[in-house]
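The values are calculated or read from the model by the stated rules, or taken from the named source; none is laboratory data. Quick caveat: nothing in here was measured; it's all calculated off a predicted structure. Because the Cβ atoms are built from the backbone with ideal geometry, glycine has one as well, and the counts that use them run over all protein chains shown. We work out accessible area using only protein heavy atoms, side chains counted, and drop any ligands, DNA or RNA first. Shrake-Rupley method; radii C 1.70, N 1.55, O 1.52, S 1.80 Å.
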Amino acid sequence: MHDAEQIRRKLSRAARRLVDQTGAAVTAADLAAAATLPPATIGQVYGDFETLLCELLGQMHDEVRDLIANLTLNMPAGRSRLKLAVDAYLQALFERPALRALASRLRFHPQGAQLIRQRVHGFNLLLQMELKNIGWRQPDALARLATAAIIEIGLAEAEAGHPLPELRETLLNYFDTESR
Amino acid sequence: MKNDIRSKLFSATSVIATQIPHDDLSISRVCEVAGIPASDFKTTFGDIPTYLEAVQQDFLQNVRARIINVTNGATPGLLRIKLGSESYLAYCAENAGVRDWLVAARAQPRVLRGLQQQNQSFTLVLGAELRALGRYQPDAAARLYIAMLNEVASSEQRSRRRLPDLRDALWHFLDHVGTSLQQRNAA
């Protein structure tokens with residue numbers, strides 16, 4: 001393995017450890033110390049510290065996506081799979097305060113905002129597919145609105161510090177209504 | 001004097017917002033388009049972030065006034081909620097440039113707080129309406145509906161046109177949320 005790749009992995013692992021332990025208020029100096037590397041290394045490998053954090057945010061989002069995919073992999077398409085995917089997604093977000101904090105830190109950073117948009121779009125497409133599978137009329141329109149509702153629930157639960165079953169049930173039970 | 005400048009700027013804000021993107025906002029450019037001296041702007045608002053907070057308050061006050069005016073005398077129920085929602089969307093569309101500024105200005109904590117307070121107010125009012133309609137978990141339904149309404153406003157703002165499919169999906173949610181069989185049984 002090349003030195004540059006080894007250093008990149010070392011920085012990435014240290015950043016993940018720090019963010020998991022202390023949240024998103026991590027600094028470049030904290031990271032350099034945790035990785036036992038000179039601070040200038042971050043700039044040399046990533047260009048800047050925020051780019052490193054964006055890469056980390058992307059990895060954390062992808063872990064949630066993979067978790068949902070594995071959970072629903074062997075289920076037949078239908079309302080049960082749709083509801084399980086949405087509930088599991090909300091639970092995964094709730095159980096990952098570091099992901100939420102990092103997303104909140106980076107949401108106004110150009111690269112971070114673009115990454116969040118891409119991940120939201122990916123989730124939106126997943127919802128569209130599930131809604132299409134259950135025969136929902138205008139699945140693309142509802143997927144957009146449901147994505148907004150899911151983000152709202154995620155924010156509300158983060159603010160409350162605990163899951164909010166009423167909000168989740170309200171959305172999940174709505175999927176049981178007749179869409180035609 | 002301060003109030004005159006405020007009124008003059010607020011009445012010109014929609015036009016200014018169509019000419020100056022948020023990222024290019026500066027006191028000199030705003031004053032140039034509004035036709036006022038920079039010294040008057042500085043005396044009244046001080047800086048651009050404070051001006052944007054004032055623009056947001058003016059926007060929210062006007063949208064509330066529009067909704068109250070349009071729904072005044074309407075019978076409580078789903079049609080009144082739709083009427084209020086339509087007028088909210090119409091106001092956002094008519095002032096898309098200003099809303100562009102406010103969306104971009106959400107990085108300012110006080111602008112974000114103003115937006116959150118507006119959403120909380122709308123949720124409280126809508127929750128009461130849905131409770132009166134006998135909906136299950138009306139406050140939760142109201143919170144989700146407001147998030148969806150804002151998504152429609154943002155999507156229409158980006159495309160600069162009405163998006164009937166999104167509005168239909170929103171009305172479907174309003175017509176059905178809190179009415180499913182499981183929810184009725186639980187109630």
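If R0 is 25 Å, the Cβ-Cβ spacing of residue A:33 and residue B:104 corresponds to a FRET efficiency of close to 0.10. Taking a straight line from the alpha carbon of residue B:8, these lysines sit under 21 Å away, with near neighbours fewer than eight places off in the same chain left out: B:42. A crude spin-label estimate for the pair residue A:118 and residue B:160, with each label 7 Å from Cα along the Cβ direction, gives 2.8 nm. Compared with the dominant Cα axis of chain B, that is its longest principal axis, helix B:164-176 is turned about 50°.
Within chain A, which whole H helices from DSSP have a Cα span along their axis of at least 20 Å and a mean Kyte-Doolittle hydropathy of -1.0 or more, if any?
A:49-72, A:79-94, A:110-133, A:139-160
Each other residue within a Cβ distance under 9 Å of residue A:60 adds +1 if Lys or Arg and -1 if Asp or Glu, for a net charge of 0. Using a Förster distance of 45 Å, how high is the FRET efficiency between residue B:94 and residue A:74, based on the Cβ-Cβ distance and rounded to 0.05? That pair, residue B:94 with residue A:74, gives E of 0.35.
Bridgeable aspartates and glutamates around residue A:10 (alpha carbons under 20 Å apart, same-chain partners fewer than 8 residues away excluded): A:20, A:30, A:48, A:50, A:55, A:62, A:63. Projecting the Cα atoms of A:67, A:53, A:39 onto the dipole axis of segment A:37-86, where Lys and Arg carry +1 and Asp and Glu carry -1 at the beta carbon, places A:67 farthest toward the positive end. Protein heavy-atom accessible surface, 1.4 Å probe, per residue over chain B: 49 Å². Projecting the Cα atoms of B:70, B:105, A:89 onto the charge dipole of the protein assembly as shown, computed from C-beta unit charges around the Cα centre, puts B:70 farthest toward the positive end.
Which of the lysines could a cross-linker span from residue A:132 if the Cα-Cα distance has to be under 28 Å and same-chain partners fewer than 8 positions apart are dropped? Qualifying lysines at Cα under 28 Å: A:83, B:82. In chain A, the convex hull through the Cα atoms has an average projected area of 11.5 nm², a quarter of its surface area. In a simple Cβ point-charge model (Lys, Arg +1; Asp, Glu -1; nothing else charged), segment A:40-138 has a dipole of about 540 debye relative to its Cα centre. First select every other residue whose beta carbon is under 14 angstrom from the beta carbon of residue B:163; then total the charges, Lys and Arg +1, Asp and Glu -1. Neighbourhood net charge equals 0. The angle separating the long axis of helix B:78-94 from the principal Cα axis of greatest extent in chain B is about 20 degrees.
Quick one: compute the contact order of chain B, relative version, from alpha carbon pairs under 8 angstrom and 6+ residues apart, as a percent.
Details: 147 pairs, mean separation 35.4, N = 187.
Computed value for chain B: 19 percent relative contact order.
At a threshold of 8 angstrom on Cα-Cα distance, excluding pairs fewer than six apart, so keeping six or more, what relative contact order does chain A reach in percent? Let's see the in-between values first.
On the way: 139 pairs, mean separation 36.0, N = 180.
Value for chain A: 20 percent.
Spin-label model, residue B:18 to residue A:108: label points 7 Å out along the Cα-to-beta-carbon direction sit 2.9 nm apart. Which shape class, rounded, prolate or oblate, goes with the protein assembly as shown when its Cα gyration tensor gives a ≥ b ≥ c as root eigenvalues, a/c under 1.5 marks rounded, and past that a/b bigger than b/c marks prolate? Verdict is oblate for the protein assembly as shown. Among A:11, A:82, A:71, the residue with the largest mean-square fluctuation in a Gaussian network model of chain A, with springs joining Cα atoms closer than 10 Å, is A:71. Electrostatic bookkeeping for residue A:14 treats Lys and Arg as +1 and Asp and Glu as -1; over the other residues with beta carbon under 14 Å from its beta carbon, the sum is +3. Solvent-accessible area of segment A:58-174 (1.4 angstrom probe, protein heavy atoms only): carbon and sulfur portion equals 56 percent. Each chain gives up part of its surface: A and B jointly bury about 2400 Å² of accessible area, both sides summed, for a 1.4 Å probe.
Across peptide B:103-116, the mean count of Cβ atoms from other chains lying within 10 Å of each residue's own Cβ comes to 1.
Relative to the dominant Cα principal axis of chain B, helix B:138-159 is inclined by about 50°.
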